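The values are calculated or read from the model by the stated rules, or taken from the named source; none is laboratory data. Just so it is clear, the model here is predicted, and its values are computed rather than measured. Here the Cβ positions follow ideal geometry from the backbone for every residue, glycine too, while neighbour counts run over all protein chains shown. What goes into the accessible areas is simple: the full protein's heavy atoms, side chains included, and nothing from ligands, DNA or RNA. Shrake-Rupley method; radii C 1.70, N 1.55, O 1.52, S 1.80 Å.
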Amino acid sequence: MNLVISRMFSLVLVLSSFVTAAETRVLFIGNSFTYGYGSSVKHYRTDSVTDLNNEKIGGVPALFKSFTKQAGFDYDVYVETRGGSDLSFHVQNKLQVINKKPWDKVVMHGFSTLDRKIPGDPTRFVESTKKMSTFLEKLNPKVEVFLTSTWSRADLIYQAERPWSGASVGKMALDIRAGYDKAAATSAVIKGVNAVGEAWTKAITLGIADANPYDGVEFGKVNLWTWDNYHGSNYGYYLHALVVFGNLTGVDPRSLGSNECSGYELGMSKREISMLQQAAFEQLSAERQMSGSPLISPNSVWPKSCV
């Protein structure tokens with residue numbers, strides 16, 4: 001009897017090892033743009049991801065986890081964030097936390113202006129990206145790193161005497177992307193840039209999102225920024241997560257459908273969900289090949305909460 005129990009226990013351990021091996025370990029490293037400051041996304045489904053800092057963050061990683069689960073992927077998602085930080089902060093202070101696992105995929109970004117003291121200067125970000133990528137490669141030589149290029153800040157465009165004052169709404173996002181492209185060239189383990197900032201601009205040019213929150217939000221459009229016109233709203237972070245989902249998986253975000261459950265749980269209409277998925281798709285498809293296709297549900301099918 002004891003021998004039977006012992007063999008059954010061994011079988012359980014073997015099966016458990018297969019389950020663990022099947023999971024793709026994904027780590028998000030970032031700041032308030034990752035954890036969703038200014039929105040209810042910050043505390044969204046915190047039990048679905050693991051916060052390495054034990055701060056009960058859900059954020060964009062939890063949305064990403066939800067999308068991948070709905071699409072049939074087995075991703076084990078982790079979060080390591082600090083508000084107001086750039087990537088060099090994590091290099092200098094958080095390597096002992098990040099050292100926990102040999103990550104399969106890592107999504108990371110820096111400060112919203114590249115350099116807090118010298119807005120638009122990528123030097124500091126390029127250096128810290130190279131250092132972090134080297135560290136991650138030592139943990140797992142097969143790691144795939146993705147850099148998330150962030151959005152244009154309305155507060156730095158529409159207010160006087162700011163770094164991008166008077167520029168077009170998409171100019172800052174392009175300047176930030178240029179810095180991220182330089183950083184991406186520093187390491188072979190960096191597989192791509194998540195063009196979140198450009199997807200925000202795409203949503204504006206498509207007429208989905210309002211371009212200037214300082215003069216009011218036009219009827220029928222969403223506001224991607226939250227109350228400070230700096231961070232994202234639920235809509236902004238939702239679009240952020242859609243771009244990351246599409247870039248890491250290669251799956252068309254529109255295949256999640258207008259009934260996508262996380263958007264529903266965040267209070268979005270089917271129309272808003274579809275529009276944001278379209279913006280993500282158009283930006284992603286301009287840069288990479290997408291699989292899947294739009295999910296069109298019968299009119300009788302209504303959104304439901306996520307399982």
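Would you point out the residue of the range 68-95, among those that are crowded, with 21+ Cβ neighbours inside 10 Å and hydrophobic (A, V, I, L, M, F, W, C), that is farthest from the chain's Cα centre (by Cα)?
Checking each candidate, the answer is Leu87.
All but one of (1) on the phi > 0 side of the Ramachandran plot; (2) outside any loop (DSSP other than H, G, I, E, B) hold for Asn194, so report the exception by its number.
Checking Asn194 against (1) on the phi > 0 side of the Ramachandran plot; (2) outside any loop (DSSP other than H, G, I, E, B), the one that fails is (1).
Looking only at the range 96-131, how many residues end up being assigned to a helix (DSSP H, G or I) and surrounded by 24 or more Cβ atoms within 10 Å (Cβ to Cβ)?
2
How about the range 163-188: which of its residues are within 18 Å of Leu224 (Cβ to Cβ) and of a type in the set (Lys, Arg)?
Lys171, Arg177
Among the residues of the range 28-62, which ones are assigned to a loop (DSSP other than H, G, I, E, B) and open to solvent by less than 10 Å² (accessible area, probe 1.4 Å)?
Once the filter is applied, which keeps residues that are assigned to a loop (DSSP other than H, G, I, E, B) and open to solvent by less than 10 Å² (accessible area, probe 1.4 Å), the range 28-62 yields Asn31, Gly36, Ile57, Gly58.
Scan the helices (runs of 4 or more DSSP H) fully inside the range 202-307 and keep the ones with 1 or more residues being at pLDDT 95 or above, over 14 Å from the mean Cα position of the chain (by Cα) and among the aromatic types (Phe, Trp, Tyr).
Fully inside the range 202-307 and qualifying: 261-265, 270-285.
Considering only the range 141-152, I want to know if a residue exists there that is outside any helix (DSSP H, G or I), touching a residue at least 60 places away in the same chain (Cβ under 8 Å) and of a type in the set (Phe, Trp, Tyr).
The answer is yes; a qualifying residue exists.
Let's see how each residue does on (1) within 17 Å of the chain's Cα centre (by Cα); (2) more than 23 Å from Gln283 (Cα to Cα); (3) surrounded by fewer than 16 Cβ atoms within 10 Å (Cβ to Cβ):
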{"position": "Val143", "(1), (2), (3)": "no, yes, no"}
{"position": "Leu147", "(1), (2), (3)": "yes, no, no"}
{"position": "Gly166", "(1), (2), (3)": "no, yes, yes"}
{"position": "Val169", "(1), (2), (3)": "no, no, no"}
{"position": "Ala173", "(1), (2), (3)": "yes, no, no"}
{"position": "Arg177", "(1), (2), (3)": "yes, no, no"}
{"position": "Lys182", "(1), (2), (3)": "no, no, yes"}
{"position": "Asn194", "(1), (2), (3)": "yes, no, no"}
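Residues of the range 283-301 being under 13 Å from Glu198 (Cα atoms) and either open to solvent by 60 Å² or more (accessible area, probe 1.4 Å) or of a type in the set (A, V, I, L, M) (or both), which ones?
The answer is Leu284, Ala286, Glu287.
Which pairs have Cβ atoms under 8 Å, sit 6 or more apart or on different chains, and link a residue in the range 168-183 that is in a loop (DSSP other than H, G, I, E, B) to one that is among the acidic types (Asp, Glu) and open to solvent by 10 Å² or more (accessible area, probe 1.4 Å)?
Partner pairs satisfying both residue conditions: Gly170/Glu198.
Being crowded, with 23+ Cβ neighbours inside 10 Å and on the phi < 0 side of the Ramachandran plot narrows it down to one residue among Leu276, Leu266, Leu248; which is it?
On inspection, the qualifying residue turns out to be Leu276.
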